[in-house]
C-alpha cells in the first residue's frame, strides 16, 4: 500500500478568535492525518500592525516578527492538541489584501482545502466591510471550511441499546 498523497491545507490567520479556532482545527486534522501539509497565511495590512505584534512601522522586518509570533502560537497549539506525529507546515506572512493573498497562496500550493475563521459580521457591517470568508468561499478553487469558535455546550449522548424498528 502506497503512502497517501500530500494534501495542501491553507489556513487564514489574523490573530483573532476565529482564526485561532481555524488553526487549532487544522493542527488537529494534520495530527490525525500527517499527510496534510499546513500553510498558515497571515496577511498584514501595510498601515496597521496587529495588536498581538505591536510595531511603529509595518515592513519586511515586521513580517518576520509576525512569523515568529505565529511559530510560538503554533508550538503552543501543537502541545495543547497533544499532537505526537511530526507536522509539516509553512508560515506565509504577506502584506496586502486578505482575500487576494490567501487565494494566491492556495493557487501557488495547489490547495485541497482552505480553512478560514469568520468575524460574524451581519447586516450593514457586512455590506460596508465585506466578508473575507464569504469571498474566499465564493472564489476558491477548492473546498473551503469556515471555522467558528464553538459556543454550544457539551451534550453527552445517551447510550441506546437494542434495534430500532
ask   = Which of 151, 143, 75 moves the most in a Gaussian network model of the chain with Cα springs under 10 Å?
value = 151
inquiry  = Given the -39500 (n - 2.57) contribution per DSSP H run of 4+ residues, what per-residue ellipticity at 222 nm results for the chain, rounded to the nearest 500 deg cm²/dmol?
reply    = -12000 deg cm²/dmol
message = Tell me the relative contact order for the range 3-100 as a rounded percent, counting alpha carbon contacts under 8 Å between residues six or more apart.
response = 35
query = Roughly what % antiparallel, to the nearest 5, for the DSSP beta bridges in the chain?
reply = 5
key: Among 48, 89, 13: highest mean-square fluctuation, GNM of the chain, C-alpha pairs under 10 Å   = 48
query = What residue among 23, 38, 74 has the largest mean-square fluctuation in a Gaussian network model of the chain, using Cα springs under 10 Å?
reply = 74
ask   = Is the shape of the range 14-76 best called rounded, prolate or oblate, per the rule: a/c under 1.5 gives rounded, else a/b larger than b/c gives prolate, else oblate, with a ≥ b ≥ c the square roots of the Cα gyration tensor eigenvalues?
value = prolate
ask   = Quick one: Debye curve from the C-alpha atoms of the chain, no solvent, what's log10 I(q)/I(0) at q = 0.09, 0.13, 0.14 Å⁻¹?
value = -0.35, -0.67, -0.77
query = So if we plug the beta-carbon distance of residue 150 and residue 52 into 1/(1 + (r/R0)^6) with R0 = 22 Å, what FRET efficiency do we get, rounded to 0.05?
reply = 0.55
message = Report the Cα centroid-to-centroid distance between the range 67-95 and the range 16-36 in angstrom, as an integer.
response = 9
remark   = Subtracting the Cα-Cα distance of residue 112 and residue 76 from 0.36 nm times their residue separation yields 10.4 nm
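Every number here is computed from the coordinates shown, using simple stated rules; none is lab data. Note that the coordinates shown come from a computational prediction; the quantities given were computed from them, not determined experimentally. Here the Cβ is made from the backbone with ideal geometry for all residues, glycine too, and neighbour counts use every protein chain on show.
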